[in-house]
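Take a look at the structure below.
The values are calculated or read from the model by the stated rules, or taken from the named source; none is laboratory data. Here the structure is a predicted model, which means the values were calculated and not measured. Because the Cβ atoms are built from the backbone with ideal geometry, glycine has one as well, and the counts that use them run over all protein chains shown.
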Amino acid sequence: MSSVRCVDLRKTYRQGDQDVKALDHVSIEIDEGGFVCLVAPSGGGKTTLLNAIGGLDIPDSGEVWVAEQRIDEMSKGELADLRLANIGFVFQAYNLIPVLTAQENVEFVMQVQGVPAAERREKSMAILEEVGLRGLEDRRPAEMSGGQQQRVAVARAIVSRPALVLADEPTANLDSKTSDELMELFTELNRHHNTTFVIATHDQRVMRYAKRIVRMLDGRIVEDLEQDAA
Amino acid sequence: MNIVLRLAWRNLWRQPRRTWLTTGAMVFSNTLLVFMISLQFGMYELMIDNTLQVFTGHMQVQAPGYRDDQKMRQAVPGILPLATRLRDEFELDTIAARGWAFGLASSDERSYGIGIFGVEPDYEPGVSSIPGLIKEGRFLEDYDEPGIVIGAVLARNLRVGIGDELTLLGSGRDGSFAAAVVNVVGIFESGIPDIDRNFAEMPLGLFQDVFYMEGAGHQVVISAETLDAAELLLPQLVASLPADAGLVVHDWDALQPGLKQAIQADMSSAFFMYGILVILVAFSVLNTQLMSVLERTHEFGIVLSLGLRPGRLGRLVMLETALMGFMGLVIGAITGTIFTTWFTVNGLSIPGMEEMAAMFNLPARVYPETTFGTAIAGPLIVYAFTLLAALYPALRLYRLHPVEAMRIN
Amino acid sequence: MRMTPVLTRLAWRYLWRNHRRTIIMLSAIAVGSWAMIFMTALTRGMVDQMIADGISVLPGHVQVHDPEFLNDPSVANRITIPDRELAASFDGAEFRAWASRVRVPAVIMSERESRGVTLLGIDPAAEREFSFVSYDEVEGRFLESPDDNGVVIGRKLADKLDTEVGKRIVLMSQDPDNEIADRGFRVVGLFEASMPSFEESFVFIGKTTAQKMLRIGEATTEVVFLGDDYRDVDPTYELVAERVDGGLDVRRWHEIDTYLGTMLKVMDGFVLIWVVVIFLALSFGLVNTLVMAVFERVREIGLMLALGMKPSSILAQILIESMLLLATGLLIGDVLAVLTIQPLQGGIDISAVAEGMEMMGASSVLYPKLYLDDVVLANVVVLILGFLASLSPAWRASRYEPVEAITKVG
């Protein structure tokens, strides 16, 4: 069963007085349990594709299916519910809500989902431990390093075990040791919980962990390779 | 346009919504201030004019102590010659002599205690609006005619009309019993309940006979063209009174202390309200300018590191505030004037004002009028406080350290 | 609803993220609401006092007269029902107090001077509750019984008449046949009143003495009733109207003194206008603050939307933030108002403008009156209008597209 299916997506932005084709007839299908790296130079369309899959951005034409539901025709509310229930996000930057502590940030999605407080506490503590942030749960984002912030964001994305995790340059601000740890965490989740990962990156170390590498250029898919993950 | 001025102006419009909201607060307050101040001072003038016109005049010559006690024997001797001399000396017809006594007025059916004035039929119309308010019959004509003019409510209460007889009983200047029979020749209606219920006027000559005044009276009333003219007249009047006569001159606020005090009381509550409005606008400006400075910290850091002095940045912020304040001032003064002018044409009537108006001799519908002064006074004060409020954010810039400032994003 | 706790926490934290702005706005709201309540308490105090004084001249919350009396206040228009019959007809009805009295215009004459006054023939025992004169503070003594032969006058009047306790004066009025009715009295007491004009215009003698002097037998000119609260005289009015003969005129105090009645209503209107004006002056700053608060966290709003928070929750979050800001400011303002009004409860001396206040019908000591109703009104009006003013910025915040918001630079 496919987790994500995109059919002939097109999306054009206006930048200054130029039209930029961010997505140019893109079709892709990602199976459940997939571990996909989207690789492209900046402006290559990988973030746009990621956002389209996450229902954050509506393509000009084409279809987006997530968990067997057509999402490009959903209302904002339906999209919000879908993201809440099925998708975890890790963005490149500005990942955290600055007025909440690390633990509160991790609990945020669960809170919106309506998970009872005790369960939230337990799960968030466990996941913070897992990403190596034990003892920092009461810090606010401004009191943490970039790597620590990013790990909080990852913890938040995976804490409620979404079927699909979308990550945009998750290792951009991390040192190599931390990014390896993060990727191992992703791999483990992928293996044990069959979580689908779609990661936009141009970090070679990240690509090593992928089962499939999709290269994009100027809004088109130019290469789609299966590989044995590290 | 000067480059700094242009920079300040453009900076304002980087956040147009915020600038408009802050200007809006000024415009709102200014409009209100222009309207309220115009209305307020218009009403005061009306109150003073109307109250003094009815009866009091701008000033009065009296015997010492009379103002407080109004006793019969506190009289001005030879009052008619005095009034005549003053009229000649100042070439002013709006000077008239009066006597006052209290008496019981009886008709066939009713008796009421009333205040009886002896007035000069020729000159009273110059100092009082009552002769002009006769709605039935006529005003007095002769210094000695046995006639009396009474208020409409009194006429109704006494159940008398024109031509009916009234018996007056009272005490004379020497404490003896005074009595007279007079005919009602006129009935006036001023709309002021106290006056319509309690006042009567008879000729001064007859009054002096009935109450054994021996040529004396109680007050010489003087009206001038305007309040200002009255003020100028006062010292001349004092100087022209015979020094040994022991007479005193009271101006209008001594004669009607309630009037000035009512105005003062009203002013202090009005100023409290204006003050609050101005403070609220100042807070609004403080907030906006502080935010505008804080969000430009990074930018200011760059300029400082380029070698610009903090003082110039502070002046820039003040200039921005001054420009914004000026917009508020001009727009506010204009909208305030337009708003007020609408009422100048159509009049303003507040429910319940009729009762209040009667209390202060005001018409039930008032027509506030803006003058340059009333249109600009409020907005100028708001402007001053606007600049004052911007001082704190402007002065903060002196503490700005370029490197730290640039780190903040 | 489920989201309220988390939204409230977010809103509160965001409020203090830019503490300078919040403190400035809180100060503005606090000053505004303080001014609303303080000013209201002062005017309420003034009007209350005016009415209390006004009623003390009338006096009586509900009054019964001959239908002609108010237009033509003469003994010709008197109430002929004797007291014991009145008492019988009010048997079983509960009033705080009631009394019948003789009130007529009269002339008072001393050896040298004469003045017009209102003559009140009263039963001192029955009038104790009504009177603006405190019996015990009278110089000399107050009247002791309805057939007391003395007269009690105001100190100011005594000065003008050149008279004093122990001296004689003459009172003159008319009897029902319009014959002069006069009688000599000895001044037994001088009273002082909160308003100078009362001292000049009221003269008290015994009721029976007055009836004899005016030759009206057992008749009176008015029957008066006190209820518990002058603001709500309808219950008393109903009780009286049910029991009084059809021929007589029963009125509430504000139907007799329309100036006072109107003042009461005008003040209600004034309070509301004042509250709304202050709010409007505040509203610009409030909207401004919200616009800025939204503007500087557009990306975070985008993030929350991306994480699956619904736009309605963003809307709610901004509204809650606005309400928290207002409520905190109001609370501070309320406390300030109570703290500043409390020490003034003993009265503010404004005798510098006493005669001006008297012109308005108010006395020279101002007692601020803090009514819970007014405080509630001010707070509720601000919260409701504040809610409405916040709708626009909150709505805009909830309309952001997550991607645009996240990628927004600046």
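Laid out as a table, the results:
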read-out: Helices (runs of 4 or more DSSP H) wholly inside the range A:106-198 containing at least 1 residues that are closer than 30 Å to C:Thr8 by Cα; value: A:117-130, A:146-158
read-out: Boolean, B:Ala97 is crowded, with 24+ Cβ neighbours inside 10 Å and either in contact (Cβ under 8 Å) with a residue 60 or more places away in the chain or under 24 Å from B:Val238 (Cα atoms) (or both); value: yes
read-out: The listed residue being within 14 Å of chain B (Cβ to nearest Cβ), of a type in the set (Asp, Glu) and surrounded by 20 or more Cβ atoms within 10 Å (Cβ to Cβ), out of C:Glu113, C:Glu68; value: C:Glu113
read-out: B:Ile338 aliphatic (A, V, I, L, M), under 30 Å from B:Gly373 (Cα atoms) and surrounded by fewer than 19 Cβ atoms within 10 Å (Cβ to Cβ); value: yes
read-out: Hits in the range C:90-110 (condition: surrounded by 15 or more Cβ atoms within 10 Å (Cβ to Cβ) and more than 16 Å from C:Gly60 (Cβ to Cβ)); value: C:Val104, C:Pro105, C:Ala106, C:Val107, C:Ile108, C:Met109, C:Ser110
read-out: Positions within the range C:132-158 being crowded, with 20+ Cβ neighbours inside 10 Å, more than 29 Å from B:Ser176 (Cα to Cα) and under 27 Å from the mean Cα position of the chain (by Cα), in sequence order; value: C:Val133
read-out: So C:Arg9, is it away from chain A (no Cβ under 14 Å), within 24 Å of C:Leu324 (Cα to Cα), in a helix (DSSP H, G or I) and of a type in the set (D, E, K, R); value: no
read-out: Condition check for A:Ala142: under 20 Å from A:Thr101 (Cα atoms), surrounded by fewer than 20 Cβ atoms within 10 Å (Cβ to Cβ), within 14 Å of another protein chain (Cβ to nearest Cβ) and at pLDDT below 90; value: yes
read-out: Scan of the range C:130-180 for residues that are within 14 Å of chain B (Cβ to nearest Cβ) and touching a Pro at 6+ places or on another chain (Cβ under 8 Å), ordered by number; value: C:Lys156, C:Ser173
read-out: The range B:14-65 - residue that is within 30 Å of B:Leu234 (Cβ to Cβ) and of a type in the set (Phe, Trp, Tyr) and, of those, nearest to the other protein chains (Cβ to nearest Cβ); value: B:Tyr44
read-out: Meets criteria (surrounded by 20 or more Cβ atoms within 10 Å (Cβ to Cβ), within 13 Å of chain C (Cβ to nearest Cβ) and more than 30 Å from B:Ala8 (Cα to Cα)) for B:Ala262; value: yes
read-out: Sole exception among (1) out of contact with any strand residue (DSSP E or B) (no Cβ under 7 Å at 6 or more places or on another chain); (2) closer than 30 Å to B:Ala245 by Cα; (3) part of a helix (DSSP H, G or I) for B:Ala83, by number; value: (1)
read-out: Considering residues of the range B:108-120 that are closer than 18 Å to B:Leu168 by Cβ and modelled with pLDDT of 90 or more only, the residue farthest from the other protein chains (Cβ to nearest Cβ); value: B:Val119
read-out: Set A:Val90, A:Val109: member being within 7 Å of chain C (Cβ to nearest Cβ) and either under 15 Å from C:Leu303 (Cα atoms) or crowded, with 18+ Cβ neighbours inside 10 Å (or both); value: A:Val109
read-out: Candidates B:Leu104, B:Leu92 - the one that is within 13 Å of chain C (Cβ to nearest Cβ) and aliphatic (A, V, I, L, M); value: B:Leu104
read-out: Unmet criterion (only one of (1) within 14 Å of another protein chain (Cβ to nearest Cβ); (2) of a type in the set (A, V, I, L, M); (3) over 30 Å from A:Asp81 (Cα atoms)) for C:Val294; value: (3)
read-out: Cross-chain or 6+ apart pairs with Cβ under 6 Å, the range B:328-349 first and farther than 23 Å from B:Leu380 by Cα, then surrounded by fewer than 17 Cβ atoms within 10 Å (Cβ to Cβ); value: B:Gly347/B:Arg365; B:Gly347/B:Tyr367; B:Ser349/B:Arg365
read-out: In the range A:1-54, the residues that are of a type in the set (Ser, Thr, Tyr), within 15 Å of A:Arg70 (Cα to Cα) and more than 16 Å from the chain's Cα centre (by Cα); value: A:Ser2, A:Ser27
read-out: Whichever residue in the range C:71-110 is in contact (Cβ under 8 Å) with a residue 24 or more places away in the chain and among the acidic types (Asp, Glu) and, among such residues, is nearest to the other protein chains (Cβ to nearest Cβ); value: C:Asp83
read-out: Residue in the range B:196-211 that is surrounded by fewer than 19 Cβ atoms within 10 Å (Cβ to Cβ) and of a type in the set (Val, Ile, Thr) present; value: no
read-out: Flag for B:Val27 being over 30 Å from B:Val281 (Cβ atoms) and among the β-branched types (Val, Ile, Thr); value: no
read-out: Residue ID - surrounded by the fewest Cβ atoms within 10 Å (Cβ to Cβ), chosen from residues in the range C:258-291 that are touching a residue at least 12 places away in the same chain (Cβ under 8 Å) and within 16 Å of the chain's Cα centre (by Cα); value: C:Leu272
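This table checks each residue for (1) buried (at least 22 other Cβ atoms within 10 Å of the Cβ); (2) within 14 Å of chain A (Cβ to nearest Cβ); (3) among the aliphatic types (A, V, I, L, M).
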{"position": "C:Trp16", "(1), (2), (3)": "no, yes, no"}
{"position": "C:Met25", "(1), (2), (3)": "yes, no, yes"}
{"position": "C:Ile29", "(1), (2), (3)": "yes, no, yes"}
{"position": "C:Gly32", "(1), (2), (3)": "yes, no, no"}
{"position": "C:Ala35", "(1), (2), (3)": "yes, no, yes"}
{"position": "C:Leu42", "(1), (2), (3)": "no, no, yes"}
{"position": "C:Met46", "(1), (2), (3)": "yes, no, yes"}
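Each row is one residue, and each column tells you yes or no for (1) over 28 Å from C:Leu42 (Cα atoms); (2) at the interface with chain C (Cβ under 8 Å from one of its Cβ atoms); (3) within 45 Å of the chain's Cα centre (by Cα); (4) of a type in the set (Ser, Thr, Tyr).
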{"position": "B:Gln256", "(1), (2), (3), (4)": "no, no, yes, no"}
{"position": "B:Ala270", "(1), (2), (3), (4)": "no, no, yes, no"}
{"position": "B:Ile279", "(1), (2), (3), (4)": "no, yes, yes, no"}
{"position": "B:Ala282", "(1), (2), (3), (4)": "no, no, yes, no"}
{"position": "B:Val303", "(1), (2), (3), (4)": "yes, no, no, no"}
{"position": "B:Arg315", "(1), (2), (3), (4)": "yes, no, yes, no"}
{"position": "B:Gly325", "(1), (2), (3), (4)": "yes, no, yes, no"}
